[in-house]
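First up is the structure itself, then whatever we jot down about it.
Values in this text are rule-based calculations from the coordinates and carry no lab data. Remember, predicted model here, so these are calculated numbers, not experimental data. Note that each Cβ is placed from the backbone with ideal geometry, even for glycine, and that neighbours are counted across all protein chains shown.
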Amino acid sequence: LLALLVLYSYNTNANLLKREDFHDQFFRFVKMGIDINHKYDRKVKRTKPKSEDVYLALLVKLYRFLARRTQAKFNRIILKRLFMSKINRPPISIARIVRFMKKPGREGRISVIVGTVTDDQRIWEIPKLTICALRVTERARSRILKAGGEIITFDELALRSPTGKGTVLMQGRRTASLALRSPTG
């Protein structure tokens, strides 16, 4: 390249071209640019679940349709939570569900949990609850059903309440995980 520049800088009469003329001829198409940091360009957001569970894939298909066709934000939230990793879908205990459902104006509503419902032996009496969850542990299931409650799946929820009317969305504490505890205690 240097040899090319040297050869180009001399004309046929072996006279040196003026530096400005050389610059204008050689760099007339080159423009100054700025160095842009592209490390923030990639959008890191899940658009599908990593799990290969076929039932989860069917739920995603259903709620993707509902999120697109209804104006309800509820369906978009459910869809986003279906994409989440297991650590971002923490379990929630029956005691916490009961405490949330005791708030005024929540009687007769459906508790919606995109995650696991677990039993809590510290609570003695469970009121009649309608719960929609991805998974319910055996002991929690038996206690809810014994109290006259009902456990439904997300496809049943889509039939009962396609826009999320009459539901209460809840989730467990993400910081309660052992993985997030301080190593020093």
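General remarks:
- The stretch 144-185: number of residues that are of a type outside the set (Gly, Ala, Ser), without any contact (Cβ under 8 Å) to a residue 24 or more places away in the chain and farther than 27 Å from Ala72 by Cα: 8
- Failed item, numbered, when Ile77 is tested on (1) under 30 Å from Gly148 (Cα atoms); (2) without any contact (Cβ under 8 Å) to a residue 60 or more places away in the chain; (3) in a helix (DSSP H, G or I): (2)
- The set of residues from the stretch 144-185 being over 26 Å from Thr70 (Cα atoms) and part of a loop (DSSP other than H, G, I, E, B) comprises Ala147, Gly148, Gly149, Gly172, Arg173, Ser177, Arg181, Ser182, Pro183, Thr184, Gly185.
- Considering only residues in the stretch 71-96 that are within 13 Å of Thr167 (Cβ to Cβ) and buried (at least 16 other Cβ atoms within 10 Å of the Cβ), the one that is farthest from the chain's Cα centre (by Cα) turns out to be Ala72.
- Residue match in the stretch 136-150 (condition: over 29 Å from the mean Cα position of the chain (by Cα) and at positive phi): yes
- Across the stretch 131-143, the number of residues qualifying as free of Cβ contacts under 8 Å to residues at least 40 places away in the same chain and either assigned to a loop (DSSP other than H, G, I, E, B) or within 19 Å of Asn75 (Cβ to Cβ) (or both) comes to 4.
- Taking the criterion of being farther than 11 Å from Ser111 by Cβ and of a type in the set (Val, Ile, Thr), the residues of the stretch 137-176 that qualify are Thr137, Thr153, Thr163, Thr175.
- Search result, residues across the stretch 99-115 that are surrounded by fewer than 18 Cβ atoms within 10 Å (Cβ to Cβ) and under 21 Å from Thr175 (Cβ atoms): Arg99, Phe100
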